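Read the structure below first, then the notes.
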Amino acid sequence: MKLTLSFISFSLTISSLIIPSHASSSSLPSNSFLGIAPQDEDYFKGEIIKCKNGSKTFTKTQLNDDFCDCSDGTDEPGTSACPQGKFYCRNAGYSSSLLFSSRVNDGICDCCDGSDEYDGKVKCPNTCWEAGKVARDKLKKKIEMYHKGVALRREENKQAKQAIARDREELLALKNEKDVLENLVKQLEGQIQKLEQEEHLEKEEKMKEASNEKVEKEKNETEEKVDSQKEPLKTSDEEKMGLSWKSPSNQNEKDEFQSTEGLSREELGRLVASRWTGKKTEDQVEEIDTAKRDYVGNREKEESAHDEHSINNALRFNENTQKHHEKGRNDAGDEESVADDVGSSSTHYNIRLEDRENSSDIATPSHQSWLVKIQETAQNILQSVNFYPTPVPNLDANQVRNEYNNYTTRLHDIESRISSLTEKVKYDFGIDNEFYLFYDRCFESKQDKYVYKVCPFKHAIQEEGRSETRLGNWEKFGSSYRMMLFSNGDGCWNGPDRSLEVKLRCGLKTELTSVDEPSRCEYVALMYTPALCLEEKLKELKQKLESMNREQPWSHDEL
């Protein structure tokens, strides 16, 4: 009997040495896959399992044996033996979660299904179904919102495709129009140069005409003075000396004075008396009358011939002018008609100059008045046939310049629009060009005293009253088009340049909801938009809801 008791005592002692106190049957999970995510169960089904960090291997029996074999905790997902281990809460009827293995069997219910406290020291009720109801309702609303958002995204993508097609068509049409306008502008430039040359020549012609008129006027005035000196005028000195009127035969009178030596005393007395009394002797009177008759007769013949010549010129010019204007009416608008007008003007100027040159031969005032009448008649003829209309070349030049200015302005606008469209198509607008409609748009959010403006593909700013701070310039999309990045904004005092990250979330309209500054001069904003309502995400949410509805909460006895 004493021997038997000694054996039992020895057996208990050996058992206590072999089985550690923390490895009691109540502390080990009944389910070897406890704490393992369903998607990872296949990894642990083999007889020999490798640590995930590749450090060593362990057997299936060593899984969840409350002894840490892998430094990364691969072999102890359901116990607290490894500090780096992770425990998976299934939370059926709610949402699954992960927690550090150190929280397993710590007396606190961390999983809503109570699976983390399986040693029985604490009784954890399963609250997953009740908590899951709120989560399921929330998930259902989210799925409903995603359904609408996906439809809106499809519509916006359709609009984006149409906008892209329109912009491409516009860009092609503008380039074609640019080529046409460049040719037109080039042609108009040539016409303007030609018209400016014609205007220059016309101006020189007018200046030349004015100069000729001035010369003719001075010439006529000089000849009139010479002719006036040939008229019978007496000066006070001549009267005192008894000298007679100076005729064109003054040289003969001088010769006469020089030949008085042969005169008798009586004849010399009469001659001297005639000088003092102003009376002529019969021979002198007869001689003077004969000279005057010859002089006047010759002048009248010359004037008559000149008058006839001037009248013939005027009549010929009138006939040419009428023919010219008849031709001008038949060829209205033709450039050659303009050239003919200029040529006729030159002819007119030549005729007038020729008349004035011929009129210089007229010496007496009486016949000069007759020439003036002829010239006035010629001027009336020119005016009657409207030889001095508003200059057509000037009107044409103004019209051409107006057309040139209009086409040049249009060409400038087209070049600016082409540059804008060319710059626009360079950007990345997303996989389906879902952000194409964001171009040239800004989204605002007012928070306290600040107004934040986010303009995709351009910049982001912060306004405070009239002051403006640039938070950054457009950089790119990030996180698979789930974030917009703005950088190189205004510098902070003794700090970095400002920057902004805009996180994108699914929403039924595009709006900027919040802006925060978690770090100095580094801003974070949240924007909702249908562009982020992806069909793949909608499918994922539906699968999650189905999983929550399908799974029943575990009972504590099953753990």
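Just so you know, the Rg over Rh for the range 60-100 is 1.05, from Cα atoms, with Rh as the Kirkwood radius.
For the pairs 446/476; 424/476; 142/446, note any where the Cα-Cα span goes beyond 18 Å. With Cα atoms farther than 18 Å apart: 446/476; 142/446.
With 19 Å as the limit, the listed pairs 133/544; 86/140; 141/509; 148/539 have 86/140 beyond it between alpha carbons.
How large is the Rg to Rh ratio of the range 451-559 when both quantities use alpha carbon positions and Rh follows Kirkwood?
Details: Rg = 19.8 Å, Rh = 16.3 Å.
That ratio is 1.22, to two decimals.
Summarising the label geometry, the points placed 7 Å from Cα in the beta-carbon direction at residue 503 and residue 137 lie 2.6 nm from one another.
What shape does the range 118-206 have by the C-alpha gyration tensor, where a ≥ b ≥ c are the square roots of the eigenvalues, rounded means a/c under 1.5, and otherwise prolate means a/b greater than b/c and oblate the rest? Prolate, because a/c is 1.5 or more and a/b exceeds b/c.
Consider all pairwise Cα distances in the range 407-511 and report the whole-number % of them above 21 Å. Of the Cα pairs, 45 percent sit more than 21 Å apart. Ligands, DNA and RNA left out, the 1.4 Å accessible surface of the range 437-541 is 41% carbon and sulfur atoms.
Using a probe of 1.4 Å, the accessible surface attributed to residue 448 totals some 150 Å² when neighbouring protein chains are kept in position.
Efficiency by 1/(1 + (r/R0)^6): what FRET value for residue 67 and residue 122, r their Cβ-Cβ distance, R0 = 22 Å, to the nearest 0.05?
Numbers: r = 23 Å, r/R0 = 1.06.
Result of the calculation: an efficiency of 0.40.
A cut-off of 5 Å between modelled amide H atoms, ignoring neighbours fewer than 5 places along the same chain, links residue 447 with 452. Full extension of the chain between residue 412 and residue 399 yields a length gain of 2.7 nm, computed as 0.36 nm times the residue separation minus the alpha carbon distance.
The values are calculated or read from the model by the stated rules, or taken from the named source; none is laboratory data. In this text the structure is predicted, and so the values were computed from the model without any measurement. All Cβ positions, glycine included, derive from the backbone under ideal geometry; neighbour counts span all protein chains shown. For the accessible areas, the whole protein counts, side chains as well, though only heavy atoms, and no ligand, DNA or RNA atoms are used. Shrake-Rupley method; radii C 1.70, N 1.55, O 1.52, S 1.80 Å.
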